[in-house]
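K.L.:
I'd like to ask you about the structure that follows.
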Amino acid sequence: MKKVLVTLLVFAVAVSGVFAAVNFSGSLTAGYVIQNKGGAWESYIMGDDNTDSNSTTLKINIADENGYWSAALEGALFADGSNTGDDHQNRVAGDISVDLAKIIAGPETEWSAQLQLLAYDRVTGLRAYTNKSGLNFDRIRTAEPGLWANAIVGYGKLIQFQIGGAPKLSGNANGLEQKPYTQDGDVIISAMTEPLDGLRVSVDWALVGDAYTREPGKEVPEKGTFGGAVDINIGALCGLDFDLGVGVADKWYYGEKRNVIAAQIYGGIDAVGGFAEYVNEAGTSRLHLGLDLNVVESMVLNFYGGIGDFAKVDTKWYVGGNIGYEVAGVTFQLNLQYAAYGTGDDGYLASSGSDKGGDIAQGAVKASGFSITPMIKVAF
């Protein structure tokens, strides 16, 4: 795995050096979670994907400056395999996108026609909900990571239409049924429009989706997900110098007849910003709060908290904060968090702002007890 990543990195550097019109960027976040659980101290590896696993992830992005094509590589340097087994350990995801409209009509065109291949990744539907908490309650995406084809056609911000998917794969070239060469077939269709600055609407549907009904000893995939979202940023609509917005997302798992509703209010100016998100999932109500202070240039300073279940407020709550400083593309950060959850109950805590959301960087780990997380992030 390490040899593969080093080879890819050397190749990317060589390409960016030979072709001046290529932009090269990426990031790596690494740290330790030191946590007291039931009086005993335990330590974990912490990284970008901290809400779902203990992986440390290297991300590399390469793109043509005219927007003709882009490639993204994401490699888990460490993984505990806790999601679905050994197939999630030390994997490398690679996505490539080619915009035929820009190639044919030129980089200045408002039209886009992206063709994408996503290897060991998922296709995520278009999202109007701005997902300030980073907890992705609005997200609709395909089933297990595999090899997916995707197409996104649109005109500026006015309209975007997406269709993606893949057939069910049964095994590798030798006929052996082993991952990652097996995957469930799936189809995803979505559309999004932003007719005015500050007003966005989206709708998404997946034939299978990535949600699972957990039964003792196994996971049974949900058969179908449908959702929609609206986001209204009053500050952008009125041309104001600050943000003030509301958003609502509704997601329906019709295999299980389970509904998830998320609603948020957010806003801020240069010095301070924040959000509040209410979520109701199958009758369980949750609240997530975040406050970001930009009082000193290059300093990271934010606080967050929430309630995991309104019916169990005394035992289902959390609070935490981050302090750090960025210099020369390197961020040194310390997270402190306390979560009043039952032993072994991960619950729903804060996040690092994953998957196109979470403007306010947040929590250390999804578990109970007091935790200290020192971390370093390098962006290039």
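The values are calculated or read from the model by the stated rules, or taken from the named source; none is laboratory data. As the structure is a computational prediction, the values presented were derived from the model and not from experiment. Every residue, glycine among them, receives a Cβ derived from its backbone with ideal geometry; neighbour counts consider all protein chains shown. SASA here: full protein model, heavy atoms, side chains in, ligands and nucleic acids out. Shrake-Rupley method; radii C 1.70, N 1.55, O 1.52, S 1.80 Å.
K.L.:
Going through the range 118-148 one residue at a time, which ones are over 22 Å from T193 (Cα atoms) and either modelled with pLDDT of 95 or more or small (G, A, S) (or both)?
P.N.:
Result: A119, S133, A143, G146.
K.L.:
Keeping to the range 97-145, report how many residues are closer than 19 Å to F161 by Cα, of a type in the set (D, E, K, R), open to solvent by 30 Å² or more (accessible area, probe 1.4 Å) and free of Cβ contacts under 8 Å to residues at least 60 places away in the same chain.
P.N.:
Selection size over the range 97-145: 2.
K.L.:
Scanning the range 251-278 for residues that are closer than 20 Å to A206 by Cβ and open to solvent by less than 60 Å² (accessible area, probe 1.4 Å), which turns out modelled with the lowest pLDDT?
P.N.:
In this case the residue turns out to be G255.
K.L.:
Can you tell me which of (1) crowded, with 16+ Cβ neighbours inside 10 Å; (2) farther than 17 Å from S371 by Cβ; (3) out of contact with any His (no Cβ under 9 Å at 6 or more places or on another chain); (4) in contact (Cβ under 8 Å) with a residue 40 or more places away in the chain is the one N294 doesn't meet?
P.N.:
(4)
K.L.:
Step by step: first the residues of the range 226-250, then only those that are more than 19 Å from A276 (Cα to Cα) and assigned to a strand (DSSP E or B), then the one that is most open to solvent (accessible area, probe 1.4 Å). Which residue is that?
P.N.:
The qualifying residue most open to solvent (accessible area, probe 1.4 Å) is F226.
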